[in-house]
Amino acid sequence: MEMKPTEAETENLNEGANRESAQCCSWCQKVHTTVSNWMLPEDTRSRYMERANCLPPPIFIISISLVELAIFIYYAVLMPQKQWITLDVGMWESPFIYRPEKRQEAWRFVSYMFVHAGVQHIIGNLVMQLVLGIPLELVHKGLRVGLVYLAGVLGGSLASSIFDPMLALVGASGGGYALMGGYFMNVLVNFRQMVPLFGVFRLAFILIIVGTDVGFALYRRFVEGAVLRVSFVAHIAGGLAGMTIGYVVFSCYDKNLLKDPRFWASILAYFACVVFAVIFNVFLSPAP
């Protein structure tokens, strides 16, 4: 005979569910309060908190990071490598890496972000894009963050093909630096509102990550004896993409992006640069 729960038991179950829901909402509220203090100027925080929720989660930046990590492990473990610190033979033959002599395979201008030159390279990129990308995606959602990230990736490879045309390119630094550039410009423009207590330490932390990553990039580019020489131009181009497109996107939190003339101006400028880079690669590049 099936026993039905008594009224008292039903009330206890409901109270327990409400308690768990309240605890979850309280935790979510604390996360969004911290995120809003870091990512938004003061005059938009209240509007953000009114409609903030943990759904959807930051799927884009987490997914792209997991794919990058999985591909790195694949080449480090399953392909012939002499060491984990700087990967060589297996990665060089990857269909993802950007190589100037294979630039007619157009997907390489984007897919290079999935392969990395070594342990310190992928750790630096993952830390940068997760620490910055997750809170940015909580605020601006995946579509806008993905737009800025991919603009930095594509801009980085095209700029590298022009200013460093004989070298290969690996890593997601273009996308990470685009997020960094957009956030950094917003911090500078709204410095008094976006830099609460310990704000200087936050900027110092960003500069330490950038300095470390750029240092390794310069080593891979210029130091003789490096196993795989790769370009560092994507760092600069990605940052510039972030300081233009990224700044506009991240400063329009509560506005219709398509109605902002700054957005279309930055998109047109970006498109013009892309067209020039394509023409250069087709007709003017010294690469084979």
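Note on the stretch 127-147: residues that are in contact with a Leu (Cβ under 7 Å, 6 or more places away or on another chain), among the β-branched types (Val, Ile, Thr) and under 21 Å from residue 209 (Cα atoms) total 1. Among residues of the stretch 147-168 that are free of Cβ contacts under 8 Å to residues at least 60 places away in the same chain, those with a Cβ under 8 angstrom from a residue that is open to solvent by less than 10 Å² (accessible area, probe 1.4 Å) and in a helix (DSSP H, G or I), sequence gap 6+ or separate chain, pair up as 150/175. Residue 185: surrounded by fewer than 22 Cβ atoms within 10 Å (Cβ to Cβ) and part of a helix (DSSP H, G or I), yes or no? Judged against the criteria, residue 185 is a match.
Every residue in the stretch 243-269 that is of a type outside the set (A, V, I, L, M, F, W, C), within 11 Å of residue 151 (Cβ to Cβ) and open to solvent by less than 50 Å² (accessible area, probe 1.4 Å), please.
Listed by number, the residues that qualify are 246, 266.
A residue that is part of a helix (DSSP H, G or I) and charged (D, E, K, R) occurs nowhere in the stretch 163-174. Specify the residue that is modelled with the highest pLDDT; the eligible residues are those in the stretch 62-91 that are among the aliphatic types (A, V, I, L, M), open to solvent by less than 70 Å² (accessible area, probe 1.4 Å) and not in a helix (DSSP H, G or I). Restricting to residues being among the aliphatic types (A, V, I, L, M), open to solvent by less than 70 Å² (accessible area, probe 1.4 Å) and not in a helix (DSSP H, G or I), the top hit is 79.
The values are calculated or read from the model by the stated rules, or taken from the named source; none is laboratory data. Predicted model, so just to flag it, every value in this text is computed and none were measured. Counting neighbours? That spans all protein chains shown, and the Cβs are built from the backbone with ideal geometry, glycine included. For accessibility, only protein heavy atoms count, side chains too; no ligands or nucleic acids. Shrake-Rupley method; radii C 1.70, N 1.55, O 1.52, S 1.80 Å.
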